[in-house]
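Let me begin by presenting the structure, written as structure tokens, before commenting on it.
The values are calculated or read from the model by the stated rules, or taken from the named source; none is laboratory data. If you're wondering where the values come from, they're calculated on a predicted model, not measured in any experiment. Neighbour counts run over all protein chains shown; Cβ positions are idealised from the backbone, glycine included. Areas reflect the complete protein model, heavy atoms only, side chains present, ligands, DNA and RNA absent. Shrake-Rupley method; radii C 1.70, N 1.55, O 1.52, S 1.80 Å.
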Amino acid sequence: MNPILQVRQVNKRYGKVAALSGVSFDVAPGRIVGLLGPNGSGKTTLIKIICGLTSDYEGVVVIGDNPPGLAAKREIAYLPDRESLPDWLKVKDVLRYFADFYDDFDIARAAEMLVSLKVDAEKRVKALSKGMKEKLQLALVMCRRPKLYILDEPIAGVDPAARDLIMRTILQNFHEGASILLSTHIISDVEALFDDVIFLKDGEIALAGPAEDIRAREGKSIDQLFREVFAC
Amino acid sequence: MSYQFQNDSPIYAQIVDRFKRDIARGALLPGERVTPVRELALTLGVSLNTLQRALTDLEREGLLYTERTAGRFVTTDRSQADILRRALSERTAQTYVEALRDMNFTDGDILALTQRTLEPHTNKKEEDTP
């Protein structure tokens, strides 16, 4: 099967600082891929390139058959690492607003998710807590039917109970056959979910492959390995 | 994500072991329907691919079988559970004996210790039924 995402020899500099150097990997259909690295390792930069938000880079990125951009955006549902919601709207109106933007936006499913995540649809976005806003954003992404979900730090900054709920929401709702690229620096509770992992260290891939193979080869968990690779 | 996996072996292999244990101790009965894949993956907190790999292994070993539309079931061959039970009991006993031998206990010591450990239960039974 052709990969959903191909990244080849991607380099990105911010002035004199190399943010990404020679990054290459594939995401095959139906895989959950963990993009793992500490803060500042280049995860968000890489994700922004794939999502077409940064065009100033070297190398090749292909999503389905397209380079990053308008056509590729149809194949991707992206959860940014920061909040970007029209906060003057009520939650239920946010759903309508997004439904106008995306052909594949399933508004009924989004509403269902909000119920299970206990986000009040009648409230205005600005009245929601930080955690509630994050859950709303997650529902806006997971109710779509793309080939690739890109989730940038969906479980950072939430308590372990909410982490479970968020991961459950992701797993319950991601579309069969679609892939997930999920960046995180918290691994211990979620490592069993990953089919493949990519360790990003100072903008370079330090380790990549199927999670089960790595566990078998190294005789330790991805979490333990992560702590070793990124030991300060 | 309730189930805790060990760090040092592949998760699919641990799922296979868990199924075998459940079949051996009768938590999964012959002919019983296995929880649908997606739901089970959620309960275990593992990816669909990992679970699928474990289930395929179990099918290959003849412990589970799939019926095209109805789902996946535990083998109706009851002797399989007995075989698993015996294998598991032997493995558990072996681990126990090896651990004690490692602490330089003689076989006589191990037998005596086993006896002493079993006795409170036997006594209790006698008290229950005077």
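Miscellaneous remarks
- Any hit, the stretch A:120-135, residues being within 18 Å of residue A:181 (Cα to Cα) and either touching a residue at least 60 places away in the same chain (Cβ under 8 Å) or touching a Gly at 6+ places or on another chain (Cβ under 9 Å) (or both): yes
- Positions within the stretch B:21-49 being surrounded by 21 or more Cβ atoms within 10 Å (Cβ to Cβ) and part of a helix (DSSP H, G or I), in sequence order: B:23, B:41, B:44
- Residue A:133 vs. criteria outside any loop (DSSP other than H, G, I, E, B), open to solvent by 60 Å² or more (accessible area, probe 1.4 Å) and either in contact with a His (Cβ under 6 Å, 6 or more places away or on another chain) or away from chain B (no Cβ under 14 Å) (or both): no
- Subset of the stretch B:2-20 that is over 24 Å from residue A:218 (Cα atoms) and surrounded by 13 or more Cβ atoms within 10 Å (Cβ to Cβ) - its residue that is nearest to the other protein chains (Cβ to nearest Cβ): B:19
- Residue A:218 meets all of the listed conditions (1) touching a Leu at 6+ places or on another chain (Cβ under 7 Å); (2) more than 10 Å from every other protein chain (Cβ to nearest Cβ) but one, namely (2).
- Among the conditions (1) surrounded by 18 or more Cβ atoms within 10 Å (Cβ to Cβ); (2) assigned to a helix (DSSP H, G or I), the only one that residue A:200 does not satisfy is (2).
- When residue A:144 is tested against the conditions (1) assigned to a loop (DSSP other than H, G, I, E, B); (2) open to solvent by less than 20 Å² (accessible area, probe 1.4 Å); (3) within 15 Å of residue A:32 (Cα to Cα), the lone failure is (3).
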